[in-house]
Amino acid sequence: MDAFNQAFEDLQDHFKEYNYSYNTDMPDIEPDSCRQEFLDINKYAVVTTYILVFLLSLLGNALVILVIFFSQISRSVTDIYLLNLAIADLLFALTLPIWVVSKVKGWVFGTPLCKLVSLLREVNFYSGILLLACISVDRYLAIVHATRTLTQKRHLVKFICLGIWTLSLILSLPLFIFRESYEIPYSGPVCYENMGANTTKWRIVMRILPQTFGFLLPLLVMLFCYGFTVRTLFEAHMGQKHRAMRVIFAVVLVFLLCWLPFNLVLVVDTLLRLGLIRETCERRNHINWALDATEILGFLHSCLNPFIYAFIGQKFRHGLLKILAQYGLAKEGRPSLPGSSPGNILATS
């Protein structure tokens, strides 16, 4: 009990001016002038957004999984990666109702669910960017070096996907281990990392290492691979293959637009905590607001990929219509697919 009281006093000394966000910030310890009163005004707008994202993600990603499973013969390496991406988004979407309730009532679900939903959120993020990095490497080898090794050995791709899920779990484990449900004075029940007197130091470590290996390095791999891939396509005037890459480029672009702002704000927040940026009440409130806003943008990503496939990927639309036609729910059309990748059901025309 003495150790716990000492940890709580240290928490007060270091974070008494910080208000709480369910993902990054420490909770309020006492009321002060830096609390964000305007966030409560938009609480129900956030809840409505989460519910809409949940419904769209559930429907959209289920359809993507269904289409890819029904197209076993023509399934490509890219499709296998995108299948895993849809599974990750679907698993995360299942946690959104819990986040909705937590926004309204605080964290009332206890420690086990606190750990589980935090784990699924982190796994969704890391598996997403690692899968996109693998797609970029596959396209780089196939187009720049004209290598079909991975495409011809699908069992190898399955092991790669298994490795991605394993690495994502490893990167997410610290959050899973230290997160717990905790009652904070003046704030109510919260779900956050509790590491005792060393909370500040370990929080920084838990940010820097996963952000480096789970975001920065995969991002650099994508930039390198797609940079050379695009240059090769334009130099060789490979117009048809360039059109077939539009879905992949769109998926990567949407992922970055949704998750890059959150990670950039997280970097700024980390610099504030390290004292490398001068802390002010106004600046802290702006950072806290930005974390909440960009987190919503990140959550939104889980429902966007199916829209990309539906609006850009003609073969995905054809695959979906084919399934619906089998059950008499639609009339199957005959798509014109000149030059699209023969094995990629999510390719464009």
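Values quoted throughout were computed directly from the atomic coordinates according to the rules given, and no laboratory measurement underlies them. Keep in mind the model is a prediction, meaning the values are calculated, not measured. Here the Cβ positions follow ideal geometry from the backbone for every residue, glycine too, while neighbour counts run over all protein chains shown.
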Kindly state, to the nearest 0.05, the FRET efficiency for VAL144 paired with ARG246, given R0 = 25 Å and r defined as their beta-carbon distance. 0.90
Give, in nm to one decimal, the length gained when the segment between LEU66 and GLN211 is fully stretched (0.36 nm per residue of separation minus the Cα-Cα distance). 49.0 nm
Just grab the label-to-label distance for VAL268 and HIS155, each label 7 Å out from Cα along the Cβ direction, in nm (one decimal). 5.1
Expected output is a single nm value to one decimal: the length gained when fully extending between ALA325 and PHE311, i.e. 0.36 nm times separation in residues minus the C-alpha distance. What is it? 3.1 nm
Short version: ³J(HN,Hα) in whole Hz for each residue of segment 119-133, in order, from phi by Karplus 6.51 cos²θ - 1.76 cosθ + 1.60 (θ = phi - 60°), x for Gly and Pro, what are they? 5, 5, 5, 5, 4, 4, 5, 5, 5, x, 6, 5, 5, 5, 5
Please compute the length gained on full extension between VAL254 and GLU235, using 0.36 nm multiplied by the number of residues separating them and subtracting their Cα-Cα distance. 4.2 nm
Assuming R0 = 35 Å, what is the FRET efficiency of LEU173 and VAL108, from their Cβ-Cβ distance, to the nearest 0.05? 0.90
With the crude spin-label approximation of a point 7 Å out along Cα→Cβ, what separation in nm comes out for ILE51 versus LEU220? 4.5
FRET efficiency, 1/(1 + (r/R0)^6) with R0 51 Å, evaluated for CYS281 and LEU162 via beta carbons: 0.60
